Amino acid sequence: MKQGWEIKKLGEVCEKASSNISQNQLVEEIGEFSIYGAGGFIKKISFYHRDKDYISIVKDGAGIGRISLLEAYSSVIGTLQYLMPKKGIDLKYLYYFLSSVDFLRYKNGSTIPHIYFKEYSEEPILIPPIPEQQRIVAILDEASDSIARAKANAEQNLKNARELFESYLQFTFEKTGEGWETCSISQLCEIKHGYAFEGEYFSPNGEYVLLTPGNFYESGGFRVRGEKQKYFIGQIPADYILNEGDLLVAMTEQAAGLLGSPIIVPSSNRYLHNQRLGLVIPKPGIQWDNNFFYHLFNTPKVRKTLHETGTGIKVRHTSPTKIGQVMIAYPNSLIEQRAIVKRLDTLSNQTKKLEAIYQQKIADLEELKKSLLQKAFNGELVSEHDFVD
């Protein structure tokens, strides 16, 4: 270890303070001082708890261990704690160190998770002299800014790729012409409810996959759930084993933006038609390609209509009747439908490749940030050249 450096416990270099403020107390509060919660800024109030810059940490509920660097003359609510450096410790040095700690290792409770200072205060922290702390902070500041800019660019590119496909998708179904017809969905197909499979026969593995809204991406498409996947090992009612190419629609919004999301079943004799999922069955004599109508169901117009006409506040639901009332335009020709599918699938595949590139870039930047913090608190961060711009 370098001369003048030492290893201490976190509890030796910082102190904590609690807040007794509940969000219910803030309803009528008005003022000039900021107060923060687990999700960030809440509002301006008439008082403050801290008159110097400080660090906050979420100690209860969702987001435990989330660290924020907050300004003087502000406060936090009771699900957060204040952390302040003791003499000889730079505030931002402490902040960066806390950002490198895996607080989930200290998680207690399941319904309402929490962490205790008395436990994570045992974390060892490398303490160099103040000038060295400030040098490390300067390097990490510059690196963090560069990483944040690169990450913001990657996230914007990811958003642009998705918006480009959505725009083309919407344009495809708005540019109607000869051979296109306008009607309600109910004139073309029926939506069949799934079966309420008995929970006592759910299993973490098995021959038959029990499809749930969790198998639907919010943007449409089939999601493989891995270890979270449910299987069914009981007796299966007739007509609830799906076939390859079947079209399903999510009729409940298990996650934001999921309502109305469509999927194409990837294989036969493997997947079960569960409740809250609608199986789309074309009526006899209708010119119908499931892949075409998958894209049609996934247009912003149809998805928006289903959300607006859905019921429920916390969790929104739709129904076969409400889906059937949606007005659409479609080409009454299988040749035209399949030509459109080919164009959309080509663009969709290109978009997914771009998304994969940008998502990997974002993941790499997160790993780079972790690596920098690890170097810093192992005493290995020599200069600004230790990070990639």
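Data for the structure
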{"quantity": "Residue in region 223-242 that is within 27 Å of the chain's Cα centre (by Cα) and under 29 Å from Cys183 (Cα atoms) present", "calculated": "no"}
{"quantity": "Positions within region 46-74 being crowded, with 20+ Cβ neighbours inside 10 Å, hydroxyl-bearing (Ser, Thr, Tyr) and under 28 Å from the mean Cα position of the chain (by Cα), in sequence order", "calculated": "Ser56"}
{"quantity": "Some residue of region 279-301 being out of contact with any strand residue (DSSP E or B) (no Cβ under 9 Å at 6 or more places or on another chain), modelled with pLDDT of 95 or more and assigned to a helix (DSSP H, G or I)", "calculated": "no"}
{"quantity": "Subset of region 48-62 (residues that are outside any strand (DSSP E or B), at pLDDT 95 or above and out of contact with any helix residue (DSSP H, G or I) (no Cβ under 9 Å at 6 or more places or on another chain))", "calculated": "Tyr48, His49, Asp51"}
{"quantity": "Residue count for region 95-140, restricted to those that are farther than 20 Å from Lys59 by Cβ and exposed (fewer than 13 other Cβ atoms within 10 Å of the Cβ)", "calculated": "3"}
{"quantity": "Count of region 80-115 residues which are closer than 30 Å to Val27 by Cβ, modelled with pLDDT of 95 or more and in a loop (DSSP other than H, G, I, E, B)", "calculated": "1"}
{"quantity": "Residue pairs meeting the criteria (Cβ under 6 Å; at least 6 apart or on separate chains; first touching a residue at least 40 places away in the same chain (Cβ under 8 Å), in region 233-245; second part of a loop (DSSP other than H, G, I, E, B))", "calculated": "Tyr240/His273"}
{"quantity": "Residue among Asn290, Asn298 that alone is polar (S, T, N, Q), touching a residue at least 40 places away in the same chain (Cβ under 8 Å), surrounded by 14 or more Cβ atoms within 10 Å (Cβ to Cβ) and within 19 Å of Lys352 (Cα to Cα)", "calculated": "Asn298"}
{"quantity": "Region 302-331 - residue that is within 15 Å of Phe173 (Cα to Cα) and exposed (fewer than 14 other Cβ atoms within 10 Å of the Cβ) and, of those, farthest from the chain's Cα centre (by Cα)", "calculated": "Met327"}
{"quantity": "Scan of region 1-38 for residues that are in a loop (DSSP other than H, G, I, E, B), loosely packed, with under 13 Cβ neighbours inside 10 Å, out of contact with any Asp or Glu (no Cβ under 9 Å at 6 or more places or on another chain) and touching a residue at least 40 places away in the same chain (Cβ under 8 Å), ordered by number", "calculated": "Met1, Asn20, Ser22"}
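The values are calculated or read from the model by the stated rules, or taken from the named source; none is laboratory data. Here the structure is a predicted model, which means the values were calculated and not measured. Reconstructed Cβ throughout: ideal geometry from the backbone, glycine too, with neighbour counts over all protein chains shown.
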